[in-house]
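The values are calculated or read from the model by the stated rules, or taken from the named source; none is laboratory data. Everything quoted here is computed from the prediction, not taken from an experiment. Don't worry about glycine lacking a Cβ; one is built from the backbone with ideal geometry, like all the others, and counts go over all protein chains shown. These area figures cover heavy atoms from the full protein model, side chains too; ligands, DNA and RNA do not enter into them. Shrake-Rupley method; radii C 1.70, N 1.55, O 1.52, S 1.80 Å.
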Amino acid sequence: MRLCSCVVSLLTLLSSSSALAQTAASNVILLRCSKLLDVRQGRYITNAGVLIQNGKIVSVESGHILSPGTPRIIDAPGTCLPGLIDVHVHLTSDPEEGGFGYAELGNSIPREAIFGAKNARRTLMSGFTTVRNVGARGYTDVALRDGINAGDIPGPRMQVSGPALTITGGHGDDNLLPYEYHHFGQGVANGPWAVREKVRENVKFGADLIKVLASGGVLSKGDTPGAPQYTLEELKAIADEAHKLGRKVAAHAHGTQSIKDAILAGIDTIEHSSLIDDEGIALAKQHHTYLDFDIYNDDYILAEGAKHGMLPESIEKEKGVGRLQRENFRKAFQAGALMGFATDGGVYPHGDNWKQFPKMVEWGMKPIDAIRAATLNGADIMSWSDQVGAIEKGHFADIIAIDGDPLADVNAMGKVKFVMKGGEVYRNDFIAARPE
Ligand code: ARG
């Protein structure tokens, strides 16, 4: 397909914006896409031109060509999409670096910060320009976010939670070591006032949101994914305190009761959502609570987990939730629940986030629904709808291009060729592919 079927001069284009006319051409980029997916309408714009100024989108038009002397032109002869959003990652955890279980105990907090730098880059290069990091030790996530924002290292835009709140002996309490080591997880807090204090502490040290472990989990020792951990009273205190401080709350909840408790407590997103029942789905809809299902994980955990140190107990627990989670994902989607794209990256290797797209399609979504979860819905979850998640005027120029037609074959989401974040190009395989 050839670019630029109709001819509009740069002058026409520029004069349509008085702000632009005053701007140095170097701040102005025209990105030309063979096709551009309008995620809101669910249709393609062919031969699209995206005009970008100072890192933000000024206009999106179809069929533009520019005459010589124009701003910088970048050609993306593929399908352009908004930069993708994953609302559940752990960039400072790495299955291939010490992995899980007892093997992971050898990783220091500074070492985890370095994993974060590596994985932030990988995540960005794979097309995810925004992530929500929901759980990290030692505020490595805060440092990572700040380092990326300062331009020290490449990475996605981040919202971070700091250490996840957990009950003593809960999913986040590092239960591997025996008593005489006197070791407790950093997010341990019990009781309504103690959890409020922990929320305040996380906010003090830079958290954008609060993560709470409402039920047991898979990758922890001695607990049960289906069993509640925090009480409704504690969850209410967490939600109230966080909201008072202007922070949203994400609750890890596999269990049927914990999911309902978290929704009733006013928590904003339910992570994993594995054992949700019809009543839970109805409650989520009623309260406009997002349900996040990390349905790619099961494949990786069962195939690779043991090799990377996951406890035999964890593999057994996974067998108890994996399939049910996928069935409940389909139910929740068919019932019309709000859903995000949340993968738990860090359980599987970072950069493979896209592998959840085909899973979401396999379990009932159309490709456009899965793409909307990873764009419009992700932005809504992060309260950034006016900034990311769509290629629209006023948004950051966070734009990727892939090879192929993702609406026809969602596996195209894994064929990322081009990544721009805030108007800056981080990856352009189209140029590399061109003979010199
Ligand atoms: N971090 C989660 C936990 O340990 C991973 C759950 C993965 N399993 C799944 N089916 N999504 O509980």
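The figures follow:
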{"read-out": "P(r) weight above 17 Å for segment 40-161, C-alpha pairs, percent", "value": "65 percent"}
{"read-out": "Diffusion coefficient, µm² s⁻¹, Stokes-Einstein with Kirkwood Rh over alpha-carbon pairs of segment 290-436 at 4 °C and 1.567 mPa s", "value": "77 µm²/s"}
{"read-out": "Sequence-distant residues sharing a close amide H with I74 (under 5 Å, placed H)", "value": "L30, L31, R32"}
{"read-out": "Spatial extent of segment 123-175: Rg and Dmax, with the Cα atoms as the point set, Å", "value": "13.1, 39"}
{"read-out": "Spatially proximal aspartates and glutamates relative to K415 (Cα-Cα < 13 Å; intrachain offsets below 8 disregarded)", "value": "D352, D403, D405, D429"}
{"read-out": "Per-residue SASA entry for H308, accessible area with 1.4 Å probe, Å² rounded to 10", "value": "50 Å²"}
{"read-out": "Per residue accessible area of the chain, 1.4 Å probe, in Å²", "value": "39 Å²"}
{"read-out": "Contour minus Cα-Cα distance for R111 and A303 (0.36 nm per residue)", "value": "66.5 nm"}
{"read-out": "Residue with peak Gaussian network fluctuation, the chain [Cα springs, cutoff 10 Å], from F341, F205, F128", "value": "F205"}
{"read-out": "Other-chain or far-sequence residues with amide H under 5 Å of V87's (modelled H)", "value": "R132, F341, A342, T343"}
{"read-out": "Carbon plus sulfur fraction of accessible area for the chain, probe 1.4 Å, in percent", "value": "52 percent"}
{"read-out": "Top of Q387, Q159, Q334 by mean-square fluctuation, Gaussian network on the chain, Cα under 10 Å", "value": "Q334"}
{"read-out": "The chain: Rg to Rh, with Rh as the Kirkwood radius over Cα pairs", "value": "1.00"}
{"read-out": "When the convex hull of its Cα atoms is projected in every direction, mean area for segment 233-309 (nm²)", "value": "6.2 nm²"}
{"read-out": "Total lysine pairs under 18 Å (Cα atoms) in segment 108-260, excluding pairs fewer than 8 apart on one chain", "value": "14"}
{"read-out": "Protection-proxy order for peptides 319-326, 261-268, 74-81, each taking the mean of Cβ atoms within 10 Å per residue, highest first", "value": "261-268, 74-81, 319-326"}
{"read-out": "Beta bridge orientation in the chain: antiparallel %, DSSP, nearest 5", "value": "50 percent"}
